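Enquirer: Quick one: the structure is below, questions incoming.
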Amino acid sequence: MTTNWYKEPWAWLVFFLPFSAVVAGIATFIIANDDPDPLVVGDYYKKGKAINLEISKIKLAQKQGMKFSLTTKNNELVIRPTGIEKEFPLLHVAFYHPTQESKDITYTLTPDGDGAFRQHLETMLEGKWQITLLPFDKTWKIQNTIHLPQSSEIDIVPFPDKK
């Protein structure tokens, strides 16, 4: 007694496995093209040259003794120069989220009467952040990784061996 192939359950199992792999591949392709990774650098040579320039700015900050302390309390960001007695007319402060570019925040701050730089935060920053401090003329640079929120002060100092 012979039956047609489409009446056999094993035939459908053999067809189902490759078909499901094709459907999963198409779904993966659609997801990958719908939300591309913004962290990939297109021109590695130019980025490498820029990294060398950034390292020289970090070394200059270390040579000049630049140090800052950062506190966050009651949705207020306070950055104080602690390493030097120099006054800065402007300070560029950037917070970069390690995985979500849309959460990156940049501030241009002026000092108050005490020499501290203050900024009211719309929402409290939480988690791991890359912070970058630059003066108005962008001659030096300090870059650190911090975890927020913290109840104590966070020291921000230049490390020339890190990017």
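The values are calculated or read from the model by the stated rules, or taken from the named source; none is laboratory data. From a predicted model like this one, the values you see are computed outputs, not experimental measurements. No Cβ is skipped: glycine too gets one built from the backbone with ideal geometry, and neighbour counts run over all protein chains shown.
Enquirer: Of LEU133, LEU109, LEU90, which residue is over 30 Å from ASP35 (Cβ atoms) and without any contact (Cβ under 8 Å) to a residue 40 or more places away in the chain?
Expert: Unique residue meeting the criteria: LEU109.
Enquirer: Working carefully through the options LEU60, LEU91, LEU13, LEU53, find the one that is at pLDDT 85 or above and within 21 Å of PRO158 (Cα to Cα).
Expert: The conditions single out LEU91.
Enquirer: Another question about this same structure. Could you list all residues from segment 136-148 that are touching a residue at least 40 places away in the same chain (Cβ under 8 Å), over 13 Å from ILE58 (Cβ atoms) and over 12 Å from the mean Cα position of the chain (by Cα)?
Expert: PHE136, LEU148
Enquirer: Looking at (1) within 20 Å of THR145 (Cβ to Cβ); (2) at pLDDT 85 or above; (3) surrounded by fewer than 11 Cβ atoms within 10 Å (Cβ to Cβ), find the lone condition where TYR107 falls short.
Expert: The failed condition is (3).
Enquirer: Regarding segment 25-43, can at least one residue be identified that is small (Gly, Ala, Ser), modelled with pLDDT under 85 and either surrounded by 10 or more Cβ atoms within 10 Å (Cβ to Cβ) or closer than 30 Å to THR139 by Cβ (or both)?
Expert: Yes, some residue in segment 25-43 is small (Gly, Ala, Ser), modelled with pLDDT under 85 and either surrounded by 10 or more Cβ atoms within 10 Å (Cβ to Cβ) or closer than 30 Å to THR139 by Cβ (or both).
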